[in-house]
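**Q** Have a look at this one before I ask anything.
What follows is calculated from the coordinates using simple rules that are stated; it is not laboratory data. Predicted, not measured: the structure shown is a model, and the values here were computed from it. Methodologically, a virtual Cβ is constructed for each residue, glycine included, from the backbone with ideal geometry; neighbour enumeration extends over all protein chains shown.
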Amino acid sequence: MLIRCALVTGLTLAVVIGGRVLRPGPPSSTRETTQASQVIDLLNRYSFEDPEAVAASLRGAPGLGLLGKDLERVSADWIAARGTREVPQRRLVVATFALEVAAAGLGSEWTAVRPLIEFGCRLVRRDTRGSDAERLWFLASIALGQGAVDRAADEHLSHARERFPDDPRLRLAAAIAVAQRSPHEADRDEAWRSKDQLLVQSKAGDRSAPAGLVVWAMVTAAIDQFEALLDVPELRAEANLRAGYLWFVLHEHEKAQARFRLALQASPDRFLTYLAHFLSGRTHDAAAEPRQAETAYRRAIEAVPYAQAATSALAVRLFLDGRPDEAYALVDASFSARPRPADPWRAYGYGDFRFWPDLMRRLRQLVK
């Protein structure tokens, strides 16, 4: 399926799908009929032929916001076209295709395509019984919102929690949403004093103390969210890891290290193992413990060889320790690594977006 951009009637932008043009402009019965047939063709191909190919054709295509609006306009007829027995399945197809369009616009057109998530949400919630397919759809849609770092997506997350209040990943997503609204490393300078120090200094008239107290209040509220998940076995490693990182933000190095150790004890995969060692190394560095920092960085690199963040941190540590030749050799080896490894630290701030490919693979199997 070919989707590309075309210029028609002067400077009017259009989306070309399968060789036919979807033109924006004043509504007309001819235009609406033409575009309806094109969107329906896309849905048919997505559902009955090759959803992976259709999804691939959307990536990088302009005008996705326009396509999304047309999808909302014509989907009801497509859903009803095969009778009531197929309506739930066809709703799932449309809702999943809406996620594909939204994901394709993640970088350049997010504002235009993000309403498609709520559109899909309304569709899947039409079924009074929460199904496994709906749960999977919600997990994918929440992961996509986390990939966009969309802090305006709380309402959608609340819909997911209403439908599946006990789902572990949705509970974690709610905690991550609180953490994303709290101060992070950029605010570490405001939190370098303990809470007790800040209270005393605030009463004494220190004008900088209130800002530090605000940081403490927001970050500890986020920590509480993660610590409330420690009794969930499948979340224990990540909840400890994320709580530990926030204790690091507050310069509470011992509390951070305790959480990283617990994360390592429960860690089910190298993604979390790498992050626990890497963040432990950074915490040791912040506490002026260079030998322990070096050991932690090396263990992170053992988990994910030559991942950029840990490799760079270790190289800096070696250079500061007067071992520049080792540092240069490490950096050279990392540049030579093929394929270059994905660095879990770069994915840390995007929550469950790392699961997006697998979630969509499973959804596409359900819509065929």
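**Q** Classify the stretch 258-368 as rounded, prolate or oblate, taking a ≥ b ≥ c as the square roots of the eigenvalues of its Cα gyration tensor: rounded when a/c is under 1.5, otherwise prolate if a/b is larger than b/c and oblate if not. Could you put the intermediate results ahead of the total?
**A** Working: a/c = 3.27, a/b = 1.70, b/c = 1.92.
Oblate shape, in that a/c is at least 1.5 and b/c is the bigger or equal ratio.
**Q** Tell me, in nm to one decimal, what length is gained between residue 328 and residue 155 on full extension, where the rule is 0.36 nm per residue of separation less the Cα-Cα distance?
**A** Gain in length upon complete extension: 57.4 nm.
**Q** Still on this structure, I have one more. Obtain the nm distance between the two label points defined at residue 312 and residue 342 by a simple spin-label model: each point lies 7 Å from its Cα along the Cα-to-C-beta direction.
**A** 1.9 nm
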